[in-house]
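Single-structure report; data block below.
The values are calculated or read from the model by the stated rules, or taken from the named source; none is laboratory data. None of these values were measured; they are calculated from a predicted model. Counting neighbours? That spans all protein chains shown, and the Cβs are built from the backbone with ideal geometry, glycine included. Accessible surface areas use protein heavy atoms only, side chains included; no ligands, DNA or RNA. Shrake-Rupley method; radii C 1.70, N 1.55, O 1.52, S 1.80 Å.
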Amino acid sequence: MTTSDTTASGATEYEGAGSGPAYADSRETTEGRVYTVSGGDWDDVLSDAQHDERMVINMGPQHPSTHGVLRLVLEMEGETVTQLRSVIGYLHTGIEKNCEYRTWTQGVTFVTRMDYLAPLSTEMAYCLAVEKLLGIKAPPRAELLRILLLEINRIGSHFVYIATGGMELGATTAMTLGFREREVVLHLLEHLTGLRMNHAFIRPGGLAQDMPDDYHEAVTEFVKTMEERLPLYDKLFTGQPIWRNRLKDVGYLPVDGCLALGITGPVLRSAGLAWDLRKTQPYSRYDEVEFDVPTSTDADCWARYLIRVEEMHQSLRIIKQVLKMLEPGAVMVEDKKVAWPAQLSISSDGMGNSLEHVRKIMGQSMESLIHHFKLVTEGFHVPAGQAYAPVESPRGELGAHLVSDGGTRPLRVHIREPSFVNLQAMPAMAEGGLVADVIAAVASIDPVMGGVDR
């Protein structure tokens, strides 16, 4: 800063500042002349600062309260959130793009890894879209078995919501109990499909294979266990004043806000709209089973919790009906140009095809061996066009939009993932509330970042 000489009045002037006293008092130090600025805009800045306690807090992306690899940037004034931004993309896997380089059947093993808490829902949407393009329909037994698997999976997903949401809010008992119940679900799914998660069991045209011989007893035992254990959650949480007070009137989002943001699933139903695709746009014989769609008009975290608990009861109700409706039959379409050889016995190593099957296709029919080889390596052709097939996942409307150019691989795969869409509601739910309520709001949306960052 250039200075002028001190004037007769003792005030200093800046060079080139014109005549008249300047507003900066000065004093000499060992480092040179130092100015004390006052008046003018500086007073306004200081007065703002006295009342402005705003700070930016980074929550995530591996924060134990953000439901996975989600980053929340919070602007806060004291304990109150004035602005919230969701930052996603830490888990990108490129699943949709990868599907374009695989056959239609191989795509199932990719999409099942999106929502890893409800992998069968994504498989279902993808396969329904492929079947729509092919103009085929899975056999009646396969459709019922799909419903059975989806509802078992829904129960497991909702238990994880209680477990992780409870843990994030400090209820560690919720975590231990929720994961205990989910383990029962995973054991059953492993028994029925061969894998605990990422099953790739629902295939275009039906299922990879039929259920094991004792599936009826195993599922019946599962239903019995769950009906005994679910009332415990009402005792532990529904009637618990601390749990209720942490969720009641928190994360409020009314029905018009849900519709404006495209929110679906339990969050939408908690605002009063009974929109469940299993009822409103039935698929795969859901119109043949009886169940209720729980709703509320409270539109808060508490209502979402109650709705998910009730949905588990309704899923058990559906499972019991499906067990009674099941009849023997095929689980894959008869069209050998589409169906992978699904009714194969497994060899003694538990992996390959049995010797009898290999002997049959190699010794009796070279054509069937060639066809088997081409079907597995190249895949089947799907007529050109596009299709969209939605299902009701535990988090809302999960839809698969597939585009075919007539080849053996998808031209384009896009999944309408409810976790991704529902995260838009975070600012509306959290801004104006307390920082502790942000965690309750995230938990009530129950986002799975594998689906968000697909």
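The condition of being over 21 Å from residue 118 (Cβ atoms), open to solvent by less than 60 Å² (accessible area, probe 1.4 Å) and among the polar types (S, T, N, Q) holds for residue 296.
Among residues of segment 123-141 that are free of Cβ contacts under 8 Å to residues at least 40 places away in the same chain, none has a Cβ under 6 angstrom from a residue that is part of a loop (DSSP other than H, G, I, E, B) and open to solvent by less than 20 Å² (accessible area, probe 1.4 Å) at a sequence gap of 6+ or on a separate chain. Taking the numbered list (1) among the hydrophobic types (A, V, I, L, M, F, W, C); (2) open to solvent by 10 Å² or more (accessible area, probe 1.4 Å); (3) closer than 26 Å to residue 136 by Cβ in turn, residue 429 passes all entries but (3).
Only one entry in 151, 131 is in contact with a Ser or Thr (Cβ under 9 Å, 6 or more places away or on another chain) and either on the phi < 0 side of the Ramachandran plot or not in a loop (DSSP other than H, G, I, E, B) (or both), namely 151. Taking residues in segment 327-339 that are open to solvent by less than 100 Å² (accessible area, probe 1.4 Å), and partners anywhere that are in a strand (DSSP E or B) and not small (Gly, Ala, Ser), the pairs with Cβ atoms closer than 8 Å and at least 6 places apart or on different chains are 331/207; 332/203; 332/207; 339/332. Among the residues of segment 250-283, the ones that are crowded, with 18+ Cβ neighbours inside 10 Å and at positive phi come to 2 in all.
Only one residue in 151, 181 is crowded, with 20+ Cβ neighbours inside 10 Å, touching a Phe, Trp or Tyr at 6+ places or on another chain (Cβ under 8 Å), more than 16 Å from residue 65 (Cα to Cα) and among the charged types (D, E, K, R). Which one?
181
So in segment 116-143, with the set limited to residues that are of a type in the set (Lys, Arg) and under 16 Å from residue 387 (Cβ atoms), which one is most open to solvent (accessible area, probe 1.4 Å)?
Of all residues in segment 116-143, those of a type in the set (Lys, Arg) come to 132, 137, 141.
Restricting the remaining residues to those that are under 16 Å from residue 387 (Cβ atoms) gives 132, 137.
Numbers: 132: 121, 137: 146 Å².
Going through the qualifying residues, I end up with 137.
Only one residue in 171, 208, 200, 218 is at positive phi and in contact (Cβ under 8 Å) with a residue 24 or more places away in the chain. Which one?
Numbers: 171 fails: at positive phi; 208 fails: at positive phi; 218 fails: at positive phi.
Criteria check complete, one pass: 200.
Residues considered: 113, 85. Of these, the only one that is more than 20 Å from residue 387 (Cβ to Cβ) and outside any loop (DSSP other than H, G, I, E, B) is 85. Take residue 219 and decide whether it is of a type outside the set (Asp, Glu) and either within 30 Å of residue 103 (Cα to Cα) or within 21 Å of the chain's Cα centre (by Cα) (or both). So residue 219 fails the test.
Name the residues in segment 262-278 that are in contact with a Gly (Cβ under 7 Å, 6 or more places away or on another chain) and over 17 Å from residue 298 (Cβ atoms), would you? Result: 264, single match. Only one of the numbered conditions (1) among the small types (Gly, Ala, Ser); (2) more than 20 Å from residue 442 (Cα to Cα); (3) out of contact with any Cys (no Cβ under 9 Å at 6 or more places or on another chain) is not met by residue 257, and that is (2). Pairing each residue of segment 416-431 that is assigned to a strand (DSSP E or B) with any residue that is open to solvent by less than 10 Å² (accessible area, probe 1.4 Å), provided the two are 6+ apart or on different chains, yields C-beta distances under 8 Å for 416/398; 416/399; 416/400.
Please tell me if residue 199 is of a type outside the set (S, T, N, Q), out of contact with any Lys or Arg (no Cβ under 7 Å at 6 or more places or on another chain), within 25 Å of residue 291 (Cβ to Cβ) and open to solvent by 60 Å² or more (accessible area, probe 1.4 Å). Answer is no for this residue. Taken together, the criteria place residue 143 among residues that are farther than 17 Å from residue 67 by Cα, among the charged types (D, E, K, R) and in contact with a Lys or Arg (Cβ under 8 Å, 6 or more places away or on another chain). Selection within segment 32-84: residues that are of a type in the set (Gly, Ala, Ser) and over 30 Å from residue 114 (Cα atoms). The member of this set that is modelled with the highest pLDDT is 78.
Checking the conditions here, which among 416, 409 is more than 19 Å from the chain's Cα centre (by Cα) and among the basic types (Lys, Arg)? Only one candidate qualifies: 409.
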